[in-house]
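Trainee: Provided herewith is a single structure, encoded as structure tokens, for subsequent inquiry.
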Amino acid sequence: MKPPIEMNDINNFAYITSRKLQNERDEKSGAVFMWRRKGEEEFNYKLKCPYCSEEQESSVVFKKRPYRVKSGNCGRSIMVE
């Protein structure tokens, strides 16, 4: 998945990850790109849901790991390991 923002200097980011996501049949049919800038609490992410294939962009504040994002279309909770 291509980053939705320009990331010229990765030193400005506290967290960056790009992962393939598996559905209930263990097929890698989704993806997530997640980032958080230094000094911010909020994580931003771009998600292609592995269950419904809907794409969305959003932000969230996580309280603990493992991080979980929720599909806005099918409502499934997706763990980002």
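Trainee: Could you list MET79, MET34 in order of exposure, starting from the residue whose Cβ has the fewest other Cβ atoms within 10 Å?
Mentor: Values: MET79 11, MET34 20.
Arranged by neighbour count, lowest to highest, MET79, MET34 become MET79, MET34.
Trainee: Provide the net charge surrounding PHE62, with neighbours chosen by a C-beta distance below 11 Å and charges set as Lys +1, Arg +1, Asp -1, Glu -1.
Mentor: Numbers: positive: ARG36, LYS63, LYS64, ARG65, ARG68; negative: GLU41, GLU42.
My count for the surroundings of PHE62 gives +3.
Trainee: Another question, if that's okay. Work out from phi, with θ = phi - 60° and the Karplus expression 6.51 cos²θ - 1.76 cosθ + 1.60, the ³J(HN,Hα) of each residue of region 34-39, listed in order in whole Hz, and give x for Gly and Pro.
Mentor: Rounded to whole hertz, the list is 10, 8, 9, 7, 4, x.
Trainee: Could you run the Karplus curve 6.51 cos²θ - 1.76 cosθ + 1.60 with θ = phi - 60° over region 6-11 and give me ³J(HN,Hα) per residue in whole Hz, x for Gly and Pro?
Mentor: Result, ordered by residue: 7, 10, 6, 10, 5, 5 Hz.
Trainee: Measuring from a point 7 Å past the Cα of PHE13 along Cα-to-C-beta, which residues in region 32-72 have an amide N at less than 12 Å?
Mentor: 33-38, 44-46
Trainee: As I understand it, the dipole of the chain uses +1 on the Cβ of Lys and Arg and -1 on the Cβ of Asp and Glu, about the Cα centre. Which of ASN12, PRO50, SER77 lies farthest toward its positive end?
Mentor: Of the candidates, SER77 comes out farthest on the positive side.
Trainee: Further question: For a footprinting-style exposure proxy, rank LYS70, LYS48 by other Cβ within 10 Å, fewest first. Let's see the in-between values first.
Mentor: On the way: LYS70 15, LYS48 18.
Listing LYS70, LYS48 from fewest to most nearby Cβ atoms yields LYS70, LYS48.
Trainee: On to the next question. Quick one: Debye curve from the alpha-carbon atoms of region 12-80 only, equal weights, vacuum; give me log10 I(q)/I(0) at q = 0.18, 0.25 Å⁻¹ to two decimals.
Mentor: Summing over Cα pairs of region 12-80 leads to -0.64, -1.13.
Trainee: Report relative contact order for the chain in percent, whole number only (criteria: Cα-Cα under 8 Å, sequence separation at least 6). Spell out each step's value before the answer.
Mentor: Working: 150 pairs, mean separation 16.6, N = 81.
Across the chain, relative contact order equals 20 percent.
Trainee: Would you mind counting up the charge near ASN12? Only other residues with Cβ under 12 Å from its Cβ, with Lys and Arg at +1 and Asp and Glu at -1.
Mentor: Working: positive: ARG36, ARG37, LYS38; negative: GLU6, ASP9, GLU40.
Every neighbour counted, the sum reads 0.
Trainee: Dipole magnitude of the chain about its Cα centre, charges +1 at Lys/Arg Cβ and -1 at Asp/Glu Cβ only, in debye to the nearest 20? Don't jump to the answer; show the numbers that get you there.
Mentor: On the way: 16 positive and 12 negative charges, 54 e Å.
Result for the chain is approximately 260 debye, rounded to the nearest 20.
Trainee: I've got another one for you. At 0.36 nm per residue, minus the direct Cα-Cα distance, what do PHE62 and GLN22 gain on full extension? Give it in nm, one decimal, please.
Mentor: Details: separation 40, 0.36 × 40 = 14.40 nm, distance 2.11 nm.
Difference between extended and current length: 12.3 nm.
Values in this text are rule-based calculations from the coordinates and carry no lab data. Fair warning: this is a prediction, and the values are worked out from it, not measured in the lab. As a convention, Cβ positions derive from the backbone with ideal geometry for all residues, glycine included, and neighbour counts pool all protein chains shown.
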